[in-house]
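Working notes, structure below.
The values are calculated or read from the model by the stated rules, or taken from the named source; none is laboratory data. What you are looking at is a predicted structure, and each value in this text was computed from that prediction instead of being measured. Here Cβ is always computed from backbone atoms with ideal geometry, including for glycine, and neighbour counts include all displayed protein chains.
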Amino acid sequence: MRPSGTERPFLRVAAVLAAMAILLVPGPGRPAEPPMRKLAVAASANLRLVLLELAGAFERRNPGVKVEPTYGASGMLQAQIDQGAPFDLYLGADRESAVRLHAAGLALGQPFHYATGRLVLWVAAPARVDPNVLGMSSVANPAIKRIAIANPAVAPYGVAAEQALRTAGLLDAVKAKLVLGESILQVVQFAQSGNAQAAFVPWSMALVPPLAAQGRYVVVPPGSYPAIEQYGVVLGRARDPQLAEEFAGFVRGPGGRTILERHKYALPTD
Amino acid sequence: MDVEALRLSFELAALTTVALLVIGLPVAAWLASSRWRWKPMVEAVVALPLVLPPTVLGFYLLVAMGPMSPFGRAWISIFGRPLAFSFEGLLLASIVYSLPFAVQPFAAALSAVDPRLVEASHTLGVSRLATFFRVSLPIAAPGVIAGAVLTFAHTLGEFGVVLMVGGNIRGETRTLSIAIFDAVEQLDYATASRTALFLLAVSFTVLVVTYSLRRRPVLG
């Protein structure tokens, strides 16, 4: 017994194509909205939570403005900017990348220091290791099989994590446990999925789910690693340089500072 | 040049290809001959790894390998260490990721085998298994080789899945494509290009050799 359709494959194909065409036809058009001023921000992955809030606050103050962040590792973002990516503002995780963009003639203004990152050591709750009691030496506990850090070769938070372990005299002992994420977001994924029982992440990431719900954290002593001074720069290709300057000013101004502080970034004093 | 990464990539590609020949051929043989009404479901499942972006597939594999999934828990209790961040984990991920690249050409080649030859073999009293190896497989060999080559090449260049489940450990999970990406991230384009060029040259050679072998007459 054969289903009748197989004798006419053309009809079946036509029916499938027709169904797809119906699904793809756009619905009735929306009423025209006033033109938006858009701001494309290339941002380091550690900013994912705080930038959402910064953008929201800025948009509320400036109706008709839309901040559109793109997150990535700083090396990748720089390569994209080198190749003409249409970003208005760059917010990095270190000083070097902003200075480099400026030196390469891709920036409009001077690099500016907007925040200093703070590192915490997060430990998964099932590991039964309390980082508040054991501090940095938590990572040496046998219950910690894997420690996720950002790749020090590409990420400032990874450099900081590695140096903090070295300062604590633990690096050699735990080197075999280290797994490297290409960005802080990947570090969070390694921790969140339970594959790494400890992770070095920006403080802001440890404050909220999923990590807040799945473990505890201790602040890594700030003197034990090079300060994560985060610089930004307005880009030369900005379509709306004035808007980019305004947002950069907001991030560094009282409104931005309050939000950055709530996300546990240290603020520049200069 | 990261020699360790190079060795790792080729090892991973070779083992994935062998594994998918072992797993993929029976699946393809079943797909080629089955008349089960739900067969399209199986075909769709085999093709699904093509649909998900590699990093998304990698993320779910990462979760599946972790202690939050029953599979991950079982693996950890049996082998004492999690599958993620290990070579075995990469191998499993690569097998899933390259499944359609092996099974689809295999199945296409096997369904092109003239059923009369298979039936003739059966009527002569040759077992199904022996018929498969002595009749179907030699006839389908070009397609099977093509599938194996695709699998090998696909795994060699695999990036997103390895990135997600690998953890970038030297000598264990840092494959060549990860090493190239790291070099790019460090804006070290010279190293990246050198490594990429080498990968291309070696792969080109492997592909040329394999495709020229395929031109030889197949013995029945």
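For the structure I just gave you, tell me whether B:Ala190 is in contact (Cβ under 8 Å) with a residue 40 or more places away in the chain and out of contact with any Gly (no Cβ under 7 Å at 6 or more places or on another chain).
Numbers: in contact (Cβ under 8 Å) with a residue 40 or more places away in the chain: no; out of contact with any Gly (no Cβ under 7 Å at 6 or more places or on another chain): yes.
Against the criterion (in contact (Cβ under 8 Å) with a residue 40 or more places away in the chain and out of contact with any Gly (no Cβ under 7 Å at 6 or more places or on another chain)), B:Ala190 does not qualify.
Yes/no per residue for (1) touching a residue at least 40 places away in the same chain (Cβ under 8 Å); (2) within 13 Å of chain A (Cβ to nearest Cβ); (3) out of contact with any Pro (no Cβ under 9 Å at 6 or more places or on another chain):
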residue: B:Val135; (1), (2), (3): yes, no, yes
residue: B:Phe159; (1), (2), (3): yes, yes, no
residue: B:Gly166; (1), (2), (3): yes, yes, yes
residue: B:Arg170; (1), (2), (3): yes, yes, yes
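Using the structure shown, decide if A:Arg239 is closer than 30 Å to A:Gln83 by Cα and of a type in the set (Lys, Arg). Please lay out each step first, then the result.
Details: closer than 30 Å to A:Gln83 by Cα: yes; of a type in the set (Lys, Arg): yes.
Here the answer is yes, as A:Arg239 does meet what is asked.
Answer yes or no as to whether A:Ala248 is among the small types (Gly, Ala, Ser), touching a Leu at 6+ places or on another chain (Cβ under 9 Å) and not assigned by TED's automatic domain parsing to the domain that holds A:Pro63. It is false that A:Ala248 is among the small types (Gly, Ala, Ser), touching a Leu at 6+ places or on another chain (Cβ under 9 Å) and not assigned by TED's automatic domain parsing to the domain that holds A:Pro63.
Quick one: which residue in B:Thr173, B:Thr151 is in contact with a Gly (Cβ under 9 Å, 6 or more places away or on another chain) and under 19 Å from A:Ala150 (Cα atoms)?
Details: B:Thr151 fails: under 19 Å from A:Ala150 (Cα atoms).
Within the list B:Thr173, B:Thr151, the selection yields B:Thr173.
Only one entry in A:Ala85, A:Ala168, A:Ala93, A:Ala155 is out of contact with any Ser or Thr (no Cβ under 8 Å at 6 or more places or on another chain) and of a type in the set (A, V, I, L, M, F, W, C), namely A:Ala85.
Looking only at residues in region B:161-220 that are of a type in the set (Lys, Arg) and at pLDDT below 90, which one is farthest from A:Ala45 (Cα to Cα)? Walk me through it before giving the result.
Taking region B:161-220 first, the residues of a type in the set (Lys, Arg) are B:170, B:174, B:194, B:214-216.
Filter again for at pLDDT below 90, leaving B:170, B:214-216.
Details: B:Arg170: 24, B:Arg214: 48, B:Arg215: 50, B:Arg216: 53 Å.
Looking at residues that are of a type in the set (Lys, Arg) and at pLDDT below 90, I get B:Arg216.
Say whether the condition of being under 16 Å from the mean Cα position of the chain (by Cα), surrounded by 16 or more Cβ atoms within 10 Å (Cβ to Cβ) and at pLDDT 95 or above is met by at least one residue in region A:133-149. Checked against the condition, which is being under 16 Å from the mean Cα position of the chain (by Cα), surrounded by 16 or more Cβ atoms within 10 Å (Cβ to Cβ) and at pLDDT 95 or above, region A:133-149 yields at least one hit.
Within region A:50-83, the only residue that satisfies the criterion of being among the aliphatic types (A, V, I, L, M), within 14 Å of chain B (Cβ to nearest Cβ) and closer than 24 Å to A:Arg262 by Cα is A:Ala73. Considering A:Gly92, A:Gly105, the condition of being in the same structural domain as A:Ala45 (by TED's automatic domain parsing) and within 23 Å of A:Gln163 (Cβ to Cβ) is satisfied by A:Gly92 alone.
Going by the conditions given, is B:Val46 away from chain A (no Cβ under 14 Å) and surrounded by fewer than 18 Cβ atoms within 10 Å (Cβ to Cβ)? Answer is no for this residue.
Candidates A:Ala143, A:Ala103, A:Ala168, A:Ala93: the one that is farther than 16 Å from A:Trp203 by Cβ, in contact (Cβ under 8 Å) with a residue 40 or more places away in the chain and within 14 Å of chain B (Cβ to nearest Cβ) is A:Ala143. The residues of region A:195-233 that are within 14 Å of chain B (Cβ to nearest Cβ) and out of contact with any strand residue (DSSP E or B) (no Cβ under 9 Å at 6 or more places or on another chain), listed by number, are A:Pro210, A:Ala213. The one condition from (1) surrounded by 11 or more Cβ atoms within 10 Å (Cβ to Cβ); (2) within 12 Å of chain A (Cβ to nearest Cβ) that B:Ala32 does not meet is (2).
With a requirement of 3 or more residues that are surrounded by fewer than 22 Cβ atoms within 10 Å (Cβ to Cβ) and of a type in the set (S, T, N, Q), the helices (runs of 4 or more DSSP H) lying completely within region B:146-220 that satisfy it span B:189-214. Please determine, by comparing only the residues of region B:99-143 that are under 28 Å from the mean Cα position of the chain (by Cα) and among the hydroxyl-bearing types (Ser, Thr, Tyr), which one is surrounded by the fewest Cβ atoms within 10 Å (Cβ to Cβ). Residue satisfying both the conditions and the ranking: B:Ser111.
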